[in-house]
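Visitor: I am attaching a structure below and will ask some questions about it afterwards.
Each reported figure results from applying straightforward, stated rules to the coordinates on display, with no laboratory input. Owing to the predicted nature of the structure, the values given are computational and were not obtained by experimental measurement. Backbone-built Cβ (ideal geometry, glycine too); neighbour counts: all protein chains shown.
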Amino acid sequence: MIKAENLTKAFGLKLAVNDVSFSVERGEVLGFLGPNGAGKSTTMRMITGFIAPSGGKVSVGGYDVTTDPIPVKRLIGYLPESAPVYVDMTVRSFLGFCAELSGLRGDDRKKAVNRVVEMCFLESVLYQSVDTLSKGYRHRTCFAQAIIHDPDVLVLDEPTDGLDPNQKHEIRGLIRRMGERKAIIFSTHILEEVEAVCSRAIIIDRGQIVANGTPQELKRKSEFGGAVLLAVRGVSGAQLTERLSSIPNARKAVIVKEENGEVWARVYPSSENRNGELVRNVLTAANGWQVEELHTEEGRLDEVFRNITMPDTAKEKAK
Ligand SMILES: Nc1ncnc2c1ncn2[C@@H]1O[C@H](COP(=O)(O)OP(=O)(O)OP(=O)(O)O)[C@@H](O)[C@H]1O
């Protein structure tokens, strides 16, 4: 549904987006991750036709965004970072107005408004003027505006920014449900959101794609991916390290903490570790010890993100 090919945007000498290519199909929710200033919003603005690319092209539903913008606008719902709203309108009249702008009239308009009010939980503020809404409700009103014409493609720039934890949960659920039959791109700085909602994620840094995969694939790039965490009672840290360091399929073993007679160790897999061999070997090595905890770690998205996007000098400092 969305196809970006060698997309590039320069602002003067600043290359905000540099040769970015990716596609999103119906039924996919693509998470867009990256540090501040990485080029996420600029890419989204080019996909929605709000700014023109300096190079490359983007199509939505087979229509070129630059040369065929009208059908693209019909297909897309866009929630920009700071969405404009008409502050002196009530929520109901604002959404009715947005429905009309999308070409909906009469009963269709009414149905569209009722549908988004229900989806975005806006019943309690329906007759309140937009300028008196709290930040969260204002944000939801903007979200409702983006989906008023039930578009096949959604581009959402930080859709949960500024929402309280309950609202975040609701909006994530909504994105996940809509993602079953639409193509969705959304940007976020919240890594747990990527795991909760996205079928795939792209990490963008200094205008370029530096990682593209499912959250599970990205997590496997983590140093902790496949490591075995073990907690044992009644053994010293030195004894534990000695025995764990020599087991097959282990690259290294480190003590994580020693507390109240319990020692926690992490055993990192060697590249030959396959199908849970390491955890079985750790269990064998722990024979005769009082094991309190033993599990294989999935890897951490935050560590992958930092490793990919932090300059080497900052990584050294953070150690
Ligand atoms: N209209 C503009 N004129 C000049 N520079 C711009 C303009 N819009 C964006 N930039 C620059 O392009 C780069 C990418 O900005 P962009 O807003 O796309 O980043 P982002 O990844 O969305 O960041 P954030 O996570 O902080 O929202 C930044 O260096 C920004 O200052």
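Visitor: Please list the non-local residues whose amide H lies under 5 Å from the amide H of I204, H modeled 1.01 Å from N, same-chain partners needing a gap of 5 or more.
Guide: L33, G34, V210
Visitor: Give me the one-decimal nm value for the distance between modelled label points at N287 and F50, 7 Å along each residue's Cα-to-Cβ direction.
Guide: It works out to 6.3 nm between the two label points.
Visitor: In what order do H189, H295 fall by count of nearby beta-carbon atoms within 10 Å, going from fewest to most? Could you put the intermediate results ahead of the total?
Guide: Values: H189 15, H295 11.
Ascending number of Cβ neighbours within 10 Å: H295, H189.
Visitor: Taking a 27 Å limit on the Cα-Cα distance, which of the listed pairs K111/K182; K9/K73; K182/K221; K3/K135; K110/K135; K14/K57 fall beyond it? It would help to have the intermediate numbers written out before the result.
Guide: Values: K111/K182 20 Å; K9/K73 21 Å; K182/K221 29 Å; K3/K135 33 Å; K110/K135 25 Å; K14/K57 19 Å.
Going by Cα-Cα distance, K182/K221; K3/K135 fall outside the 27 Å limit.
Visitor: Just for the chain, what percent of DSSP beta bridges are antiparallel, to the closest 5?
Guide: In the chain, DSSP labels about 70 percent of beta bridges as antiparallel.
Visitor: Counting each DSSP H run of 4 or more residues in the chain as -39500 (n - 2.57), what helix-only mean residue ellipticity at 222 nm follows after dividing by all residues, to the nearest 500 deg cm²/dmol?
Guide: -10000 deg cm²/dmol
Visitor: Where the only charges are on Cβ atoms (+1 Lys, Arg; -1 Asp, Glu), what is the dipole of the chain about its Cα centre, to the nearest 20 debye? Present the calculation step by step, with values, prior to reporting the outcome.
Guide: Working: 42 positive and 42 negative charges, 93 e Å.
It comes to approximately 440 debye.
Visitor: Of L218, F97, L30, which is farthest on the positive side of the dipole of the chain, counting Cα position, with +1 on Lys and Arg Cβ, -1 on Asp and Glu Cβ, and the Cα centre as origin?
Guide: F97
Visitor: Quick one: order I70, I51, I184 by neighbouring beta-carbon count within 10 Å, fewest to most.
Guide: Ascending Cβ contact count within 10 Å gives the list I70, I51, I184.
Visitor: Just grab the label-to-label distance for D161 and S23, each label 7 Å out from Cα along the Cβ direction, in nm (one decimal).
Guide: So the label points at D161 and S23 sit 3.0 nm apart.
Visitor: Rounded to the nearest 0.05, what FRET efficiency is calculated for Q208 and E303 with R0 set to 22 Å and r the Cβ-Cβ distance?
Guide: With a Förster radius of 22 Å, E is 0.60.
Visitor: Please rank S270, S246, fewest neighbouring Cβ atoms within 10 Å first, as an exposure proxy.
Guide: Ascending Cβ contact count within 10 Å gives the list S246, S270.
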